[in-house]
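The next block holds one structure in the form of structure tokens; read it before the comments.
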């Protein structure tokens, strides 16, 4: 009838420890919760609490013994049926490890920190790479762009507003919140007229507290509402990035698929003009790094309208990286009521046979200008507008490189671990044998953005930089 | 404004003392629910010791009266959210012990298919929105749950639990402001168990009365004996009525105590064994409820039946948690994104 008391583990990584002291002796009565012994590892000293009740009949491991294996018997208890039928786990019916208890035993606080670091390390070490963010690069290139019929010129600003209006009309669960989005009509006038049409319950001015209101929006999305959170600029999303990554992006996985987060975070990203370092950063690679997020970066008005509509309809958290300088630019945009673009498909903006230029957001415009100049010099560049950063349309890129055998990437963000790096690596993995030259990245300089007009100009990529890069990869 | 609301609260409190906060049946149920949490957590501690539960495991032992008393105030559709010391909250909302324990052991039968663990479980059906591992993050998320009630013009309320350690986080104050500004039906519940990991509240908070932490925003607050399930229920009813009536948020500071360490690997240098022992002997919420039931004419046999019932549930959960298989390797890649178009 005796129950064996086993050496408990303080953590799943502990395999043995020292039995430093017995606090009960043979013949003592033991109640559930009594401290019966102290055990010690290199990290901590813990007290062992009894789970079962009865009389301690035999101590099997004397105090002071080192290297006692976890789960080996250290004492025997006469259960005595004190609590009636003691529940017994299958396969453990006569041997129950006692609980490590936390109380006042002396130990080193450093040990606790080390333990936590170890726990984190163990989790991190289980990571495994798989191009989750990318469509299979080996697959055939994406279907040609659908013909949406007649177009008319509108600005990117109008396109973004039209997208929100269309989706808010279609779905009462969609609402917009952010700083100055309602009464002020938007810091950059993107939400002009929305308050009038939809009222203050659906177009909500927030205080300047990104962390709090982003968390609130994510919580609302967990109940099935579909918030659009406008960041006045993505620079301010740094205040809220914990909620975007730890709450919005990870909850679906952590809940085993139960709790999704249908939310859009949008606003201008990257450099505007003369606003210096804290207001001029590109966050594409920050957000694209995170499984559980989608990231899009429109260039044209059609991109803006089609991608934002898709983002609002998407059941996942989507980051929409806009660009302030593009807001006022006009582009032809389909007028069709149901116009929408798929997330995850790039667009070949210009076909060419000599080099593939991959760009996103404002850099697509620079790439198009460079392609014009290059055409005059007899070099036919193919320009790919990524549209979607994650998932990345690696298939379209690889298929293009297999035709042109050369790759140049262009973006205004910093060079270190940027989107061009990812694109180049995926091309190397999928089409290495087709490359006739090492890929070249054209990027913003690796410095905080300076204020002075001349220095700011030097910090950003130029059309001339792209032309130069193309000449390098084409050996011209 | 806070003072006015506090006074009103005090008046209602006087009236409420005339009748007990819980009927005998309710108290019996509360005793059952608290005991279930206690025994569940003891078993979790045991399974941890056997190496069957990994990582962090934060036990709720000692604090049972808080969630059980508050849950007794709720109606269907109300929401609950908390931090990572969350097993008690899940059991209180009616989530099954089996599914919670199997999540702790990382098995497919767990609430998150073994992919969330101790700190990350959810049940939309039971109104439980996690289970969050970042200190304080659940407070703005909980404000969002209340926001959705406001947006949908529902009469539901949200219970947003956090520890006194989290109460100093910036986003908590941002949430107070947002909730008060928009009159959101959110009950902020500070579970003050005196220690944020190893740092006592006196060493972490300049604020000496946490129930007043939201008073600059006009949010009424009360200190509650969180070791007494009836006191919790009584205060909870006041808070819930305030929120349901559309008066905006409410703050409850539950004075409670955790008997165990912050997590399983806590050497507990920061307090004495005697302090813990004194709380256990003098203020244990389950013993208090047990005595009240016996005083009301309950019998030992009746309570023994509950003890046995609870033991059986916990044992069944522990068995299930050890026999449910580990998640299939294909689960590694699922639930990252929702793939279907809406």
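The values are calculated or read from the model by the stated rules, or taken from the named source; none is laboratory data. Treat the numbers as computed from the prediction; the structure is a model and nothing was measured. Cβ sites come from the backbone with ideal geometry, for glycine too, and all protein chains shown count toward neighbours.
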message: Cβ contacts < 8 Å: first residue more than 7 Å from chain A (Cβ to nearest Cβ), restricted to region B:310-328; second residue surrounded by fewer than 14 Cβ atoms within 10 Å (Cβ to Cβ), any location; separation 6+ or different chain. Result?
response: B:323/A:90
query: Would region A:232-240 turn up any residue that is surrounded by fewer than 24 Cβ atoms within 10 Å (Cβ to Cβ), touching a residue at least 60 places away in the same chain (Cβ under 8 Å) and not in a strand (DSSP E or B)?
result: yes
field: Scope region B:121-137; condition in contact with a helix residue (DSSP H, G or I) (Cβ under 7 Å, 6 or more places away or on another chain), surrounded by fewer than 23 Cβ atoms within 10 Å (Cβ to Cβ) and within 7 Å of another protein chain (Cβ to nearest Cβ); matching residues
entry: B:134
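Here is a yes/no grid of residues against (1) more than 25 Å from residue B:260 (Cβ to Cβ); (2) assigned to a loop (DSSP other than H, G, I, E, B):
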site	(1), (2)
B:133	no, yes
B:138	no, no
B:150	yes, no
B:160	no, no
B:176	yes, no
B:184	yes, yes
B:189	no, no
- prompt: Among the listed residues A:247, A:285, A:255, A:330, which satisfies the condition of being at pLDDT 95 or above, buried (at least 20 other Cβ atoms within 10 Å of the Cβ) and away from chain B (no Cβ under 14 Å)?
  reply: A:285
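Do the conditions hold for residue B:285, that is, is it under 19 Å from the mean Cα position of the chain (by Cα), surrounded by 14 or more Cβ atoms within 10 Å (Cβ to Cβ) and either in contact (Cβ under 8 Å) with a residue 24 or more places away in the chain or within 23 Å of residue B:44 (Cα to Cα) (or both)? Please lay out each step first, then the result.
Numbers: under 19 Å from the mean Cα position of the chain (by Cα): yes; surrounded by 14 or more Cβ atoms within 10 Å (Cβ to Cβ): yes; either in contact (Cβ under 8 Å) with a residue 24 or more places away in the chain or within 23 Å of residue B:44 (Cα to Cα) (or both): yes.
So residue B:285 passes the test.
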- prompt: What is the residue count in region B:46-89 for residues that are in a loop (DSSP other than H, G, I, E, B) and free of Cβ contacts under 8 Å to residues at least 60 places away in the same chain?
  reply: 5
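Given the options A:74, A:59, name the one that is modelled with pLDDT of 90 or more, buried (at least 21 other Cβ atoms within 10 Å of the Cβ) and more than 10 Å from chain B (Cβ to nearest Cβ).
A:74
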- prompt: With (1) in contact (Cβ under 8 Å) with a residue 60 or more places away in the chain; (2) closer than 27 Å to residue A:288 by Cα; (3) not in a strand (DSSP E or B) as the list, and residue A:341 as the residue in question, which single condition is left unmet?
  reply: (1)
Members of region B:231-249 that are touching a helix residue (DSSP H, G or I) at 6+ places or on another chain (Cβ under 7 Å) and in a helix (DSSP H, G or I): B:232, B:233, B:234, B:236, B:238
- prompt: For region B:108-118, what are the residues that are more than 7 Å from every other protein chain (Cβ to nearest Cβ) and surrounded by fewer than 24 Cβ atoms within 10 Å (Cβ to Cβ)?
  reply: B:108, B:109, B:114, B:117
- prompt: Failed condition for residue A:429, given (1) touching a strand residue (DSSP E or B) at 6+ places or on another chain (Cβ under 9 Å); (2) within 28 Å of residue A:318 (Cβ to Cβ); (3) surrounded by fewer than 24 Cβ atoms within 10 Å (Cβ to Cβ), with all others met?
  reply: (1)
- prompt: Just a yes or no: is a residue in region A:31-53 away from chain B (no Cβ under 14 Å) and either under 23 Å from residue B:39 (Cα atoms) or assigned to a loop (DSSP other than H, G, I, E, B) (or both)?
  reply: no
message: Of everything in region A:421-456, what is in a helix (DSSP H, G or I), within 31 Å of the chain's Cα centre (by Cα) and more than 15 Å from residue A:359 (Cβ to Cβ)? Give them in sequence order.
response: A:425, A:426, A:428, A:429, A:430, A:431, A:432, A:456
query: Of the residues in region A:148-173, how many are closer than 20 Å to residue A:346 by Cα and out of contact with any strand residue (DSSP E or B) (no Cβ under 9 Å at 6 or more places or on another chain)?
result: 1
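Results for (1) over 20 Å from residue B:150 (Cα atoms); (2) within 9 Å of another protein chain (Cβ to nearest Cβ); (3) surrounded by 21 or more Cβ atoms within 10 Å (Cβ to Cβ), shown as yes or no for each residue.
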{"residue": "A:195", "(1), (2), (3)": "no, no, no"}
{"residue": "A:200", "(1), (2), (3)": "no, no, no"}
{"residue": "A:215", "(1), (2), (3)": "no, yes, yes"}
{"residue": "A:221", "(1), (2), (3)": "no, yes, yes"}
{"residue": "A:242", "(1), (2), (3)": "yes, yes, no"}
- request: Would you be able to say whether some residue in region B:274-282 is buried (at least 20 other Cβ atoms within 10 Å of the Cβ), outside any loop (DSSP other than H, G, I, E, B) and without any contact (Cβ under 8 Å) to a residue 40 or more places away in the chain?
  value: yes
- request: Only residues that are in a loop (DSSP other than H, G, I, E, B), within 14 Å of chain B (Cβ to nearest Cβ) and surrounded by 20 or more Cβ atoms within 10 Å (Cβ to Cβ): list them for region A:293-327, please.
  value: A:293, A:314, A:316, A:317
message: Looking for something assigned by TED's automatic domain parsing to the domain that holds residue A:394 and closer than 18 Å to residue A:465 by Cα - is there at least one such residue anywhere in region A:332-353?
response: no
- request: Look through region A:258-282, keep the residues that are at pLDDT below 95 and outside any loop (DSSP other than H, G, I, E, B), and return whichever of them is surrounded by the fewest Cβ atoms within 10 Å (Cβ to Cβ).
  value: A:278
- prompt: Can residue B:148 be described as within 9 Å of another protein chain (Cβ to nearest Cβ) and either farther than 25 Å from residue A:255 by Cβ or crowded, with 21+ Cβ neighbours inside 10 Å (or both)?
  reply: yes
